[in-house]
Ligand code: ADP
C-alpha cells in the first residue's frame, strides 16, 4: 500500500507515548507512523516512573509499548493506565512473543499486538484502536446521558406524585365545606326562592359532589403508589373471592358469572392486588353487552413470571384505545352511558408496575376484552411463612361463582 503522503490524505494529529528502551526502534516506529498518515507528536519513556510522570501532564491518544524493557514489561504500563482509570488504548509493539503471552496481553486489556518486523500494520491497528475508543466514549456518554435523564424523570415523577397527593388531600377539606353548605342551601331554601335559584343551587350541589368523587379518585390513585409495599405470600383465589364480595351490589343489576381455577400463591401486597381484581372484574361487569357477563380469570407461568388474564364477554374496546384507557381520567364513554371517573385502570397499572409486572389489553370491539398482567413468580430474599411454596398453584377445582343478586 502507498504511504498516505504519497496519495495526498490530510494527516491525522496523533499524540503518542512510546514505552521503548531502544532509540533506533523508537525512531523506526515514529517513521512508520508518519508514513502511515499521522502527524506525530510525543515522547519516549523507559521506566514506570517516567511513564507515570508523563501521564500527569498531557494525556496521549495512544500508548505503544515494547514487551521486554529490561527491568519491567510494557504490559505493566497497562496496569498503570488501569490503576489511574485512563481509557487510553495500548498497543504492544514488540519482537516475537509466544501465542500464549500475546493472548494473555490481550486478555489483560492490550488493544492489539504488532510485531516489530511488521510495522506497516501499525497505522491500521492505531486507526482501529482510535475508532474503537471513540465508539466506546460515545457509548459511555450516551449511557451517562440516559442515566441522568432517567434519574431526572424519576425525580420529577416523584414531585408530581407528591403534588397530586398533597393537592387532592388538602382540597378535600374546603370541598367538604362547599358540598355541605350547598346541600344545606338546597334543603333549607328549595321552593323558597324562585325557580332559577333552585336550578343554580342544584348545579352547585351536583358540581361539588362530582368534584368530591374526582378528588377522592385522585387521592386513591395517589395512595396506590405511596408507602411500602409490604409483600406477603398471598393466595389469589382468596383475593378474587374477596373482590367479588365487594362487587355483589354492582353485579346485582345484570347478573354475572366469574370463573377461576388454580390461581397461584404470589408475593404481593394483598390489599393492592385485591383492588386490581376488583377493578378488572368490576369493569367486566359494568361494560357488559346485552348478555349477562361471564368473566374468566386464569393464570399461567410465562418467562419466569405469572401471566394473569381477566377476560369478559362485554362490549370490548377498539385496539386504538388499548394504551389510553390506562391514563388517569381517560374514558371512552360518557357518564350517562356508564358510571365512573376513568381512574380504575390507571390504579391497576400503578399497582402492577409497583409489583414489577406489566398490564395490557387484548380486545376486539364488540367481542369482549381480555386484560393481561404479569407478576414476578418469585421474590428473592423475601421472608415467607414456613411451608409456603411461592409460585405454586393451589390444587383447587374450578370455582364458578354467580354474582346474580
Ligand atoms: P371507568 O371504569 O371509571 O371508566 P377505568 O379506568 O376502569 O375507568 O376504565 C377506563 C375506560 O376503559 C372505561 O371508561 C371503558 O371505556 C374502558 N374499559 C375498561 N374496562 C373495560 C371492559 N372490561 N370492557 C370494555 N371497556 C372497558
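The values are calculated or read from the model by the stated rules, or taken from the named source; none is laboratory data. None of these values were measured; they are calculated from a predicted model. Virtual Cβ from ideal backbone geometry, glycine too; neighbours counted across all protein chains shown.
Using the structure shown, decide if residue 366 is within 11 Å of the ligand (Cβ to nearest atom), part of a loop (DSSP other than H, G, I, E, B), modelled with pLDDT under 90 and within 21 Å of residue 250 (Cβ to Cβ).
No, not satisfied.
Quick grid of which residues meet (1) within 28 Å of residue 171 (Cα to Cα); (2) crowded, with 22+ Cβ neighbours inside 10 Å; (3) in contact (Cβ under 8 Å) with a residue 24 or more places away in the chain:
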| site | (1), (2), (3) |
| --- | --- |
| 217 | yes, no, yes |
| 226 | yes, no, yes |
| 230 | no, no, yes |
| 233 | no, no, yes |
| 240 | no, yes, yes |
| 252 | no, no, yes |
| 255 | no, no, yes |
| 262 | no, no, yes |
| 276 | yes, yes, yes |
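What number goes with the only condition from (1) more than 9 Å from the ligand (Cβ to nearest atom); (2) free of Cβ contacts under 8 Å to residues at least 12 places away in the same chain; (3) in contact with a helix residue (DSSP H, G or I) (Cβ under 9 Å, 6 or more places away or on another chain) that residue 308 does not pass?
The one condition residue 308 does not meet is (2).
This table checks each residue for (1) within 26 Å of residue 330 (Cα to Cα); (2) more than 34 Å from the chain's Cα centre (by Cα).
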position	(1), (2)
168	yes, no
198	no, yes
205	yes, yes
215	yes, no
247	yes, no
261	no, no
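With the requirement that a residue be closer than 28 Å to residue 237 by Cβ, near the ligand (Cβ under 10 Å from one of its atoms) and assigned to a loop (DSSP other than H, G, I, E, B), what does segment 328-359 give you?
340, 343, listed by residue number.
Look at residue 54 and say whether it is surrounded by 15 or more Cβ atoms within 10 Å (Cβ to Cβ) and out of contact with any helix residue (DSSP H, G or I) (no Cβ under 9 Å at 6 or more places or on another chain).
Yes.
State yes or no: is residue 76 over 22 Å from residue 30 (Cβ atoms) and outside any loop (DSSP other than H, G, I, E, B)?
yes
If you scan segment 1-26, which residues turn out to be surrounded by 13 or more Cβ atoms within 10 Å (Cβ to Cβ), at pLDDT 90 or above and outside any strand (DSSP E or B)?
20, 21, 22, 25, 26
Condition test on residue 110, is it surrounded by fewer than 20 Cβ atoms within 10 Å (Cβ to Cβ), part of a loop (DSSP other than H, G, I, E, B) and on the phi < 0 side of the Ramachandran plot?
Taking the combined requirement at face value, the residue does not satisfy it.
Has segment 294-302 got any residue that is within 16 Å of residue 361 (Cβ to Cβ), touching a helix residue (DSSP H, G or I) at 6+ places or on another chain (Cβ under 8 Å) and within 16 Å of the ligand (Cβ to nearest atom)?
Yes, the conditions are met somewhere in segment 294-302.
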